[in-house]
Amino acid sequence: MNLLQRVAGAVVGVVFFVLALVFASVIFAVVAVLALALWAWLLWRTRNLPRRRPGSGGGTVIEGEYRVERETRRLDDDAR
């Protein structure tokens with residue numbers, strides 16, 4: 001390969017690399033705009049749904065105590 005072919009190959013490689021970066025940035029921008037549009041649409045569709053906040057009295061709270069009882073085996077239980 002002579003010097004002219006090497007320089008031309010390097011220039012073509014750099015041009016393709018720059019084109020790939022531009023293409024990728026355009027694709028990224030389109031995906032970002034679509035995601036923003038989807039988020040805004042979901043926000044708009046759910047604007048009238050009731051908000052459930054903890055402690056607002058909207059649910060049923062059952063208060064009480066509990067005790068964990070572990071199973072104990074006795075010697076006379078094995079005789080049965």
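In the set (1) 33, 25, 19; (2) 88, 24, 17; (3) 98, 52, 19, which value of Cα extents along the principal axes in Å was calculated from the structure you see?
Checked against the structure: label (3).
Show that you can apply the helix-only estimate: for the chain, add -39,500 (n - 2.57) for every DSSP H stretch of four or more residues, divide by all residues, and state [θ] at 222 nm to the nearest 500.
Taken over the chain, the calculation gives -20000 deg cm²/dmol.
Calculate what fraction, in whole %, of the accessible area of the chain sits on carbon and sulfur atoms when a 1.4 Å probe is rolled over the protein chains.
For the chain, the apolar C and S fraction of the accessible surface comes to 65 percent.
Tell me, what is the per residue accessible area of the chain in Å², probe radius 1.4 Å?
Per residue, the chain has an accessible area of 109 Å².
On C-alpha positions alone, give me the angle between the axis of helix 3-45 and the longest principal axis of the chain, in degrees, nearest 10.
The angle comes out near 40 degrees.
Where in segment 1-18 does the label zone of Ala24 land, with the point 7 angstrom along Cα→C-beta and an amide N cut-off under 20 Å?
What the label zone holds, given the 20 Å backbone N cut-off, is 10-18.
Give me the accessible area of Arg74, 1.4 Å probe, in Å² rounded to the nearest 10.
Counting only protein heavy atoms, the figure is 150 Å².
The values are calculated or read from the model by the stated rules, or taken from the named source; none is laboratory data. The structure displayed is predicted, hence computed values, not measured ones. Counting neighbours? That spans all protein chains shown, and the Cβs are built from the backbone with ideal geometry, glycine included. The area values use the complete protein model at the heavy-atom level, side chains included, leaving out ligands, DNA and RNA. Shrake-Rupley method; radii C 1.70, N 1.55, O 1.52, S 1.80 Å.
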